[in-house]
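Structure record follows, encoded as structure tokens.
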Amino acid sequence: MAHKVVPDAPGVYAYAELSELRGLAITQTWVYVGKGQSLSTRLTRHQVHLETNRLLRDWLHRTGERQLYYAEVEVSMLDRVERDLISQLRPCFNRTHYAQHSLST
């Protein structure tokens, strides 16, 4: 239901999986980074029954502690900010990350 709490504005977002110990987050694993001219519309497509990225769909279907982070970004900067975040966070389910990994192995 993330699409119902984010603004209808351009921006970037990132999903993270949290590992907890006694109710406190102790690690955070970045899972996916994306962008959209409308965050709420884009996140609607990440519902389990609509998701086309198989790995992300399976992750969304599992139970567990997860977090969604987002930031509003000017439309002209969306591609650059998304690329920078993927480069820095190295989320495990981004196709871009897999394509780069496949080329280097």
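The values are calculated or read from the model by the stated rules, or taken from the named source; none is laboratory data. A quick note: this is a predicted structure, and the numbers were derived from the prediction, not measured. Heads up, the Cβs are rebuilt from the backbone with ideal geometry, glycines too, and the neighbour counts pull from every protein chain shown. The protein model used for the area step is the full one, side chains on, heavy atoms only, and it has no ligands, DNA or RNA in it. Shrake-Rupley method; radii C 1.70, N 1.55, O 1.52, S 1.80 Å.
General observations
- P(r) tail fraction, the chain - alpha-carbon pairs more than 19 Å apart, %: 46
- The magnitude of the dipole of the chain, with charges of +1 and -1 set on the Cβ of Lys/Arg and Asp/Glu and taken from the Cα centre, is near 260 debye.
- Secondary-structure-derived ellipticity at 222 nm for the chain, considering helices only, amounts to -9500 deg cm²/dmol, per-run term -39500 (n - 2.57) for DSSP H runs with n ≥ 4.
- Computed with every protein chain present, the accessible area of Tyr69 is close to 90 Å² [probe 1.4 Å].
- Arg54, Arg66, ranked by accessible area, largest first (probe 1.4 Å): Arg54, Arg66
- Scanning residues 5 or more positions from Val31 or on other chains, those with amide H under 5 Å from its amide H are Tyr15, Ala16, Glu17, Cys92, with H placed 1.01 Å from N in the peptide plane.
- Most to least accessible of Ser19, Ser76, Ser38, Ser87 (protein chains only, probe 1.4 Å): Ser76, Ser87, Ser19, Ser38
- Accessible-area value, Asp79, 1.4 Å probe, nucleic acids and ligands omitted, Å²: 80
- Solvent-accessible area of segment 1-94 (1.4 angstrom probe, protein heavy atoms only): carbon and sulfur portion equals 50 percent.
- Taking all protein chains into account, the per residue accessible area for the chain stands at 66 Å² (1.4 Å probe).
- When Glu51, Glu65 are compared by accessible surface with a 1.4 Å probe, the order from highest to lowest is Glu65, Glu51.
- Database remark: amide H of Arg66 closer than 5 angstrom to the amide H of Leu18 (H placed geometrically; neighbours at sequence offset of 5 or more, or on other chains; Pro and chain starts carry no H).
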